[in-house]
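Peer 1: Here it is, the structure in full.
The values are calculated or read from the model by the stated rules, or taken from the named source; none is laboratory data. What you see is a predicted model, and the numbers here were worked out from it, not measured in a lab. Here the Cβ positions follow ideal geometry from the backbone for every residue, glycine too, while neighbour counts run over all protein chains shown. Just the protein is used for accessible areas: all its heavy atoms, side chains included, with ligands, DNA and RNA removed. Shrake-Rupley method; radii C 1.70, N 1.55, O 1.52, S 1.80 Å.
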Amino acid sequence: MRNMRTAFTLAVAAAVFWIAFDAGSYSLESRSILAIVVLWGTMLACALGLWPLRQPPLAARIAGGLLGALALFTGLSIFWAESAERALVEFNRSVLLLAVFAIAVLAGTRGNVGRWLDGIALGIAAVGVLALAGRLFPDVFPTSAVQDFLPAVASRLSWPVEYWNGLAMLVGLALPLLLRVATTAHPVARGAAVAVIPALAGTLFLSSSRGGFAVAFVGVAAFFVLGPRRWGTAAAGVIWGRRTC
């Protein structure tokens, strides 16, 4: 059972890492492939009886129905939009959002939400550390494509997401998740979570993104206010501050 939980966390981390590493899957080709994989994976899991893990609540079904209606409306707009191609692109995006929402509803429970959060934190942390390593060792890692058409922002850290605000906001989302690990997990995991935070702070700084710092501040503040272990969170924050300084 423990091995299955670890495998689940690693699978979530690998998915998050790959999506971010693939330039955030922003391109139409990447997004289309991702949508196909997610949709087929969801249908296969449902067909085999693996999902849903629980009966979706009414609120989730209503939200899913609204997302489905939005995707349908977006798809139908092909017939009256000025650009059918753009309408199709937005339809693809809407379907992908619906598919990801379906995974969260069908495969997420109160019992495994911690493994989801740990996987997301691990995946984002790996992206943030890799981004920092790309700046520190430019001869080893590829150069960001942003520099080719936006030389003015070449100093901002954007690889591998290829957008400095996107990278910074993604890394900012990891901070409250890592603080959760630092206050609730095994001592070894706690130390690892605190140890990686300074590297992510460096990624935030080098990205020069005010939006990223705002996301990090709001996320950490919300975790401190709403979290069950405020003193533990404060202690982890003090350790983080000392390491960063």
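Peer 1: Please arrange 210, 115, 156 by accessible surface area, largest first, computed with a 1.4 Å probe and ligands excluded. The partial results should precede the final answer.
Peer 2: On the way: 210 215, 115 60, 156 80 Å².
The residues order as 210, 156, 115, largest area first.
Peer 1: Under unit Cβ charges (Lys, Arg +1; Asp, Glu -1), what dipole magnitude, rounded to 20 debye, does region 1-108 have relative to its Cα centre?
Peer 2: It works out to roughly 540 debye.
Peer 1: Another question, if that's okay. Which value in deg cm²/dmol, rounded to the nearest 500, describes the helix-derived mean residue ellipticity at 222 nm for the chain, given -39,500 (n - 2.57) per DSSP H run of n ≥ 4 and division by the residue count?
Peer 2: After summing the helix terms and dividing by residue count, I get -25500 deg cm²/dmol.
Peer 1: For the pair residue 88/residue 28, report the inter-label distance in nm, with labels modelled 7 Å from Cα in the Cβ direction.
Peer 2: If labels sit at residue 88 and residue 28, their model points lie 0.7 nm apart.
Peer 1: Also, quick follow-up: Using a 1.4 Å probe and counting only protein heavy atoms, arrange 224, 137, 205, 79 so the residue with the most accessible area comes first. Can you show the working numbers first?
Peer 2: Values: 224 85, 137 115, 205 140, 79 175 Å².
My answer, sorted largest first, is 79, 205, 137, 224.
Peer 1: Now for a different question. Could you tell me which helices of the chain pass both thresholds, a Cα extent of 30 Å or more along their own axis and a mean Kyte-Doolittle hydropathy of at least -0.5, with helices taken as whole DSSP H runs? Walk me through the numbers on the way to the answer.
Peer 2: Values: long enough: 84-107 (34 Å, 1.52); 113-136 (34 Å, 1.42); 164-184 (31 Å, 1.41); 187-207 (31 Å, 1.53).
Answer set is 84-107, 113-136, 164-184, 187-207.
Peer 1: Something else now. Kirkwood hydrodynamic radius (Cα pairs, Å) of region 1-104? Could the numbers behind the result be given before it?
Peer 2: Values: mean 1/r = 0.0650 Å⁻¹.
In region 1-104 this quantity evaluates to 15.4 Å.
Peer 1: Where does the chain land on Rg/Rh, using Cα atoms and the Kirkwood Rh? Intermediate results must be reported in sequence, preceding the final value.
Peer 2: Numbers: Rg = 19.6 Å, Rh = 19.7 Å.
Expressed as Rg/Rh, it is 0.99.
Peer 1: Would you work out the charge dipole size for the chain about its Cα centre, treating the Cβ of every Lys and Arg as +1 and the Cβ of every Asp and Glu as -1, and quote it to the nearest 20 debye?
Peer 2: Details: 18 positive and 9 negative charges, 251 e Å.
The dipole of the chain has a size of about 1200 debye.
Peer 1: Something else now. In square angstrom, what is the accessible area per residue of the chain with a 1.4 angstrom probe? Before the final figure, lay out the partial values.
Peer 2: Values: 14620 Å² over 245 residues.
On a per-residue basis, 60 Å².
Peer 1: Sort 90, 82, 29, 162 by accessible area with a 1.4 Å probe, largest first.
Peer 2: On the way: 90 80, 82 195, 29 140, 162 55 Å².
Listed by decreasing accessible area, they come as 82, 29, 90, 162.
Peer 1: How far apart, in nanometres, would the label points at residue 59 and residue 140 be if each is projected 7 angstrom from Cα along the Cα-to-Cβ direction?
Peer 2: About 4.5 nm, to one decimal.
Peer 1: Going 7 Å from the Cα of residue 69 in the Cα-to-Cβ direction, what parts of region 96-134 have a backbone nitrogen less than 19 Å from that spot?
Peer 2: 96-99, 101-102, by backbone N distance to the label point.
Peer 1: Let me ask another. Determine the share of the chain's accessible area contributed by carbon and sulfur atoms, expressed in whole percent, with a 1.4 angstrom probe.
Peer 2: Details: 10410 of 14620 Å².
Carbon and sulfur: 71 percent of the exposed surface of the chain.
Peer 1: Let me ask something else about it. Once you order the gyration tensor axes a ≥ b ≥ c over the Cα atoms, which shape class does region 79-128 get: rounded for a/c under 1.5, otherwise prolate or oblate by comparing a/b with b/c?
Peer 2: Details: a/c = 7.33, a/b = 2.11, b/c = 3.48.
Oblate, since a/c reaches 1.5 and b/c is not below a/b.
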